[in-house]
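What follows is calculated from the coordinates using simple rules that are stated; it is not laboratory data. In this text the structure is predicted, and so the values were computed from the model without any measurement. Methodologically, a virtual Cβ is constructed for each residue, glycine included, from the backbone with ideal geometry; neighbour enumeration extends over all protein chains shown.
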Amino acid sequence: MLVGDFLKNNAQLFPKKTAIIFGRRKLTYEEMDVSANRLANALISYGIKRDDRVGVFLDNSVEAVVAIFAILKANATFVVINPTTKFQKLGYILNNCRMSGLIADWDKFDVVSPIPETAPSLKFVIFSGKKKDSAEIDPNRFLDYEELLKSSVPKPPPLKCIDQDLATIIYTSGTTGVPKGVMMTHLNVISACTSITTYLENTSSDIILDVLPLSFDYGLYQVLMAFKVGGTIVLEKTFLYPFEIIKTIIREKVTGFPGVPTIFALLLQLDHLKDYDFTHLRYITNTAAALPVSHVKKLREVFPHTKIYLMYGLTECKRVSYLPPDEVDRRPDSVGRGMPNEEVYIENEQGERVKPGEMGELVVRGSNVMRGYWELPEETDKLLKPGKYPGEKVLYTGDLFRMDEEGYLYFVARKDDIIKTRGEKVSPKEIENVLYRLNEVLEAAVMGVPDPILGEAIKAVVVLQKGANITEEQVRRFCAQNLEDFMIPKLVEFQEFLPKTETGKIKKIGLISKGE
Amino acid sequence: MAEKKYIEEKIRKFINQTFLRGGETNPGLKDHTSFLEKGIVDSTGVLELVAFLEETFNITVEDEELVPENLDSVSNLVKFVSQKSDQAKMD
């Protein structure tokens, strides 16, 4: 079984069933399958082979979903890139995995068009959306999505992959500030989808609302899982206007609503939610950061017929645990237990399994555990270590946990300083690296500070060079030009100096509340 | 009409200062530019925007009004605020 089979199988079983709803557009499984076949044939005709990497640099859209399945059908590996990624990082990712092709939006032409000069592996860019009229567009390198679809045949190309091949590489923030590519094989993705859809009891009658970006694994898997069970995905470009989302849930009779704490915090600010009928909403899921107990309570008042699943995971194995809805009252601060077909345990620093109640590092064992970080063997070896049987690798999460007698997990702390804001992981180092590129900046320290909506808000504390003059707004503007939107510091503070440890490292703890 | 112009100036100034941080993709904000389509505002930005409207124009934005028809471009915002202000005067 391969990930691309999710679409193919349903196109055979329920060709006329609605696979995706995006705004006013509704497409059936058959229509999606035919489009993906056409695009896959186009990719192959432009030189895409088995194991090649092809990027998807699109906003959430029908085209993004078609692109993902087309890349799989072309026996290649898809890499979804956050659409707010700026030129430098985009170039880094493209070169890091030596991408052969990229699918982007015509709107992003100015960001993307200089890329082929700096990324020698890139053979072509396919642009979707409203075509740009320009005589300067090189027709061999820059292709139009609609034209390719029209000129390619709908016959499925021959499948050459096996489930040990890479289905996707997902770039994630690393503590070093340089993004790392998480390699997921077809088997990894299918295992994670199977475990999750098992505990969520998904069926083909599910209608799942996805407001999360497809570049975020939580957003991506909603589409994959909906397609796995033959359900319908209601894809939104983003979560922006809260009442619009409520209207969509009601209009489309949504049965599953995945979110992150920021989304639920925004929704719960609406006063009249109780007046609406949400009886069709079967479940809500939360992950990426803990949902405050008070919000769980409020969600249950607003959605009394809906099961609320609290979950925890990391990209390196997709998901670790879920708290069954009927356990929420008994263990409100637990992130739940391991998924079906997955083992979780806690080890101390001596590498021994600890007793219930004792703290240690969480270890994950299962087919959902990644194959490693793309071309980073040393980084990979820090997380993937030998398991029970020869050749087996298990994942050391870097998160400190306790487990109770019944196997429920309780988060204690992270070993690194990664910030979680709006459910996205952000490396402070990546932002500091950008700040240091400003001539005015002598020193910079970035940290997360508690925020009721964002979970953590990003705060940058900056020391300026002698005589230098720059405003908070200018610092934020520079960050906006160089970082994805969710990485732009919400707070910028200027200080005379930064406190240091004896070894000269910046002490961030004291800076979190300073000056507020 | 003068009032509409005042509303528009205030709104543009706020959007420019708060959201358009000189990003590479947003050289100019046209009247009908969709914030959603162009990624100008994010979900917490909508809250900031609503707080700004309520404070500056002394109006109350209801739950049901948190929709793109009211909030998703400069022209939609100007229309929405003008209507709300007129309503407030009649009340």
Discussion item. Apply the a/c threshold of 1.5 to the C-alpha gyration tensor of region A:419-513 and tell me whether it is rounded, prolate or oblate.
Written reply: oblate
Practice prompt. Would you please give the FRET efficiency between A:H280 and A:E358, computed as 1/(1 + (r/R0)^6) with r the Cβ-Cβ distance and R0 = 56 Å, to the nearest 0.05?
Written response: 0.80
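Over chain A, what is the relative contact order in whole percent, taking alpha-carbon pairs under 8 Å and six or more residues apart? Walk me through the intermediate numbers first.
Details: 1067 pairs, mean separation 59.4, N = 516.
RCO, chain A: 12 percent.
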Worksheet item: What are the ³J(HN,Hα) values, in whole Hz, obtained from phi via the Karplus relation 6.51 cos²θ - 1.76 cosθ + 1.60 with θ = phi - 60°, for each residue of region A:432-441 in sequence order, with x given for Gly and Pro?
Response: 4, 4, 5, 4, 5, 6, 7, 4, 6, 8
Worksheet, complete the sentence: FRET efficiency (A:Q88, A:D163; Cβ distance; R0 25 Å; to 0.05) is 0.10
Worksheet item: Cα to Cα, under 18 Å, and not fewer than 8 places away if on the same chain: which aspartates and glutamates meet these conditions relative to A:K150?
Response: A:E30, A:E31, A:D33, A:E63, A:D105
Discussion item. If I stretch the segment between A:Q350 and A:S151 completely, what's the gain in nm (0.36 nm per residue apart, minus their alpha carbon distance), one decimal?
Written reply: 65.5 nm
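For chain A, would you read off the P(r) tail past 46 Å as a percentage of all alpha carbon pairs? Numbers along the way, then the final one.
Values: 13829 of 132870 pairs.
Counting every Cα pair in chain A, those more than 46 Å apart make up 10 percent.
Rounded to the nearest 500, what is the 222 nm mean residue ellipticity of chain A from helices alone, with -39500 (n - 2.57) per DSSP H run of 4+ residues and division by all residues? Don't skip to the answer; put the middle values down first.
Numbers: 15 runs with 143 residues, N = 516.
Helix-only estimate at 222 nm: -8000 deg cm²/dmol.
Mind putting a number on the dipole of region A:239-414 about its Cα centre? Charges go on the C-beta only, +1 for Lys and Arg and -1 for Asp and Glu, and I need it in Debye to the nearest 20.
Once rounded to the nearest 20, the dipole reads 520 debye.
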Discussion item. Can you tell me the length gained on complete extension of the stretch A:E405 to A:D110, counting 0.36 nm per residue apart and subtracting the Cα distance?
Written reply: 100.5 nm
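In chain B, which longest range has no GluC sites (Glu not before Pro) that are both DSSP loop (not H, G, I, E or B) and surrounded by at most 13 other Cβ atoms within 10 Å? Please report the intermediate quantities before stating the final value.
Numbers: sites that count: B:E24, B:E62.
In chain B, the maximal stretch lacking such sites is B:25-61.
Loop-only trypsin sites (Lys or Arg not before Pro) in region A:80-114, please: DSSP not H, G, I, E or B, and at most 15 other Cβ atoms within 10 Å. Can you show the working numbers first?
Numbers: sites: A:K86, A:K89, A:R98, A:K108; in loops: A:K86, A:R98.
Here the sparse-neighbourhood loop sites are A:R98.
Looking at region A:254-356, which trypsin sites (Lys or Arg not before Pro) are in a loop (DSSP not H, G, I, E or B) and have at most 12 other Cβ atoms within 10 Å?
Numbers: sites: A:K274, A:R282, A:K297, A:K298, A:R300, A:K307, A:K318, A:R319, A:R330, A:R337, A:R353; in loops: A:R282, A:K318, A:R319, A:R330.
The qualifying sites are A:R330.
How far, in nm, would the chain grow between A:E378 and A:T501 when pulled straight, counting 0.36 nm per residue and subtracting the alpha carbon separation? Could the numbers behind the result be given before it?
Working: separation 123, 0.36 × 123 = 44.28 nm, distance 2.75 nm.
Here the segment from A:E378 to A:T501 would lengthen by 41.5 nm.
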Item to complete: Return a whole-number percent for the relative contact order of region A:5-187, with Cα pairs under 8 Å and 6 or more residues apart as the contact set.
Response: 21 percent
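For region A:312-351, state which GluC sites (Glu not before Pro) are in a DSSP loop and have at most 13 other beta carbons lying within 10 Å of their beta carbon. Working shown, then result.
Numbers: sites: A:E316, A:E327, A:E342, A:E343, A:E347, A:E349; in loops: A:E342, A:E349.
Passing sites in region A:312-351 are A:E349.
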Worksheet item: Just from the alpha-carbon atoms, what are the Rg and Dmax of region A:281-345 in angstroms?
Response: 11.9, 35
